[in-house]
Amino acid sequence: MAETRDLGATDGPMLIFGGPYGNLQATQALLAAAAALGIPPTRILCNGDVAAYCADPEATVELVRDANIALVMGNCEESLGTDAESCGCGFDKGSSCDILAAQWYAYSVAALGPEAKEWMRRLPRRIAFEMAGRRLLAVHGGVGQINRFVFPATPEADKAAELDQAGTDGVIGGHSGLPFTQILGGRLWHNAGVIGLPANDGTPRVWYSLFRPVDGGIVIERRALDYDHASAARRMREKGLLPPYAEALESGLWPSDDFMPEADRQIRGQPLSPASVFWRH
C-alpha cells in the first residue's frame, strides 16, 4: 500500500466524487456523466468507500476498478480489505448508525471476493495533484485520521489545523457525506459529497464536483446527479438489507444524523442546489 499517490499537474477539468457505497446504479450514472462531459479516467478522482450501505459491493468494485480512475482508500476499504470486525466508520458505539452498520458491513464482507479485498489493501491513503498552480491533497476523512468527520459546521480552526498538517493549498476530504466548499485564509477545504446516498436534503439526487482551471484560479462546481434510485432501493430490499437505507435512497433523508454537529442537523431536509465557487490565486 502506498501512503501517497501523486497524479502530477493537470491543465484540464477534474471530476471528483465520493462514496459509491455499493450503489451500482449511481456509479454507472456518474461514469456516464463523466463521459458526457469528456472527462477521461485520468482526471476522475474518488474519495473512497466504494462498498458500504447498498446492495452491489462486488459489482461496484469491479466497475470502479475497471474504470481505472484514481481512488483514495476509505475506512471501508481499510476494514473490508482485512476482514476487520467492523467498518471503522467512527460512529459512536450503540448509536443508530453503528447498529445499522453491523448488518451492511457483514453483508459486504461476505459479498466481496479475495481479489476485490486485495485491491482494497493496495489503495493509497492520499492522492496529490496540482491544478492552476495550486497543490491539493485528497484524503478520505481527515489528513491524519481516515475516519475523521469534517462537516460544514466543523470549526474553521479544526480545518485550518488539518490544512497545516497537509502542507498543501487545499484538501479534498470525504467521509461526512455532505458536499461543501470553504475557503479559509486563501486555502481550500472541499467535500464533493457522495453518490451512494443522498445528502440528507430531502431529495434522492446525489452530488459530485467539477474542478476547472481558469485564468486567475479554479472554478469549483457542485453538480447534482439523477440516477435510477428506485432500482437501487429495490435491489437492497431483494438482498434482505435492513429497510432504513433503502428508504433513504427514496426519501433523501438519512435514518440517523446523531453523529453530526447540531448546525448541520438543523438543515436536514432542505434541498441543496448546484453551485460554484471561484478559488482565486
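Apart from one condition, GLY185 fits all of (1) on the phi > 0 side of the Ramachandran plot; (2) open to solvent by 10 Å² or more (accessible area, probe 1.4 Å); (3) touching a residue at least 60 places away in the same chain (Cβ under 8 Å); the exception is (3). Of the helices (runs of 4 or more DSSP H) lying entirely inside segment 1-98, those containing at least 2 residues that are among the hydrophobic types (A, V, I, L, M, F, W, C), free of Cβ contacts under 8 Å to residues at least 24 places away in the same chain and under 26 Å from VAL219 (Cα atoms) are 24-37.
Conditions (1) among the hydrophobic types (A, V, I, L, M, F, W, C); (2) out of contact with any helix residue (DSSP H, G or I) (no Cβ under 7 Å at 6 or more places or on another chain); (3) open to solvent by 10 Å² or more (accessible area, probe 1.4 Å); (4) under 18 Å from GLU118 (Cβ atoms), marked per residue:
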site	(1), (2), (3), (4)
PHE17	yes, no, no, no
GLN25	no, no, yes, no
GLY38	no, yes, yes, no
THR42	no, yes, yes, no
CYS54	yes, no, no, no
ARG65	no, no, yes, yes
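Pairing residues of segment 236-250 that are part of a helix (DSSP H, G or I) with residues that are open to solvent by 70 Å² or more (accessible area, probe 1.4 Å) and modelled with pLDDT of 95 or more, at Cβ distances under 7 Å and at least 6 apart in sequence or on separate chains, gives ALA246/ARG237. GLY167 satisfies every condition listed in (1) at negative phi; (2) modelled with pLDDT of 95 or more; (3) small (Gly, Ala, Ser) except (1).
Of the residues that make up segment 106-125, is at least one within 29 Å of GLU162 (Cβ to Cβ), small (Gly, Ala, Ser) and out of contact with any Cys (no Cβ under 8 Å at 6 or more places or on another chain)? No, every residue in segment 106-125 fails to be within 29 Å of GLU162 (Cβ to Cβ), small (Gly, Ala, Ser) and out of contact with any Cys (no Cβ under 8 Å at 6 or more places or on another chain). Among VAL214, VAL219, VAL277, which is surrounded by fewer than 22 Cβ atoms within 10 Å (Cβ to Cβ) and more than 20 Å from the chain's Cα centre (by Cα)? The match here is VAL214.
Right, ARG148: of a type in the set (Lys, Arg) and within 17 Å of LEU45 (Cα to Cα) or not? Here the answer is no, as ARG148 does not meet what is asked. Consider segment 236-264 and keep the residues that are under 25 Å from GLU156 (Cα atoms) and not aromatic (Phe, Trp, Tyr). The one that is most open to solvent (accessible area, probe 1.4 Å) is GLU262. Here LEU100, LEU30 are screened, and the one residue that is at pLDDT below 95 and either closer than 18 Å to ALA232 by Cβ or within 15 Å of the chain's Cα centre (by Cα) (or both) is LEU100.
The values are calculated or read from the model by the stated rules, or taken from the named source; none is laboratory data. Computed from a predicted structure; not experimentally measured. Glycine also receives a Cβ, built like all others from the backbone with ideal geometry; neighbour counts cover every protein chain displayed. These area figures cover heavy atoms from the full protein model, side chains too; ligands, DNA and RNA do not enter into them. Shrake-Rupley method; radii C 1.70, N 1.55, O 1.52, S 1.80 Å.
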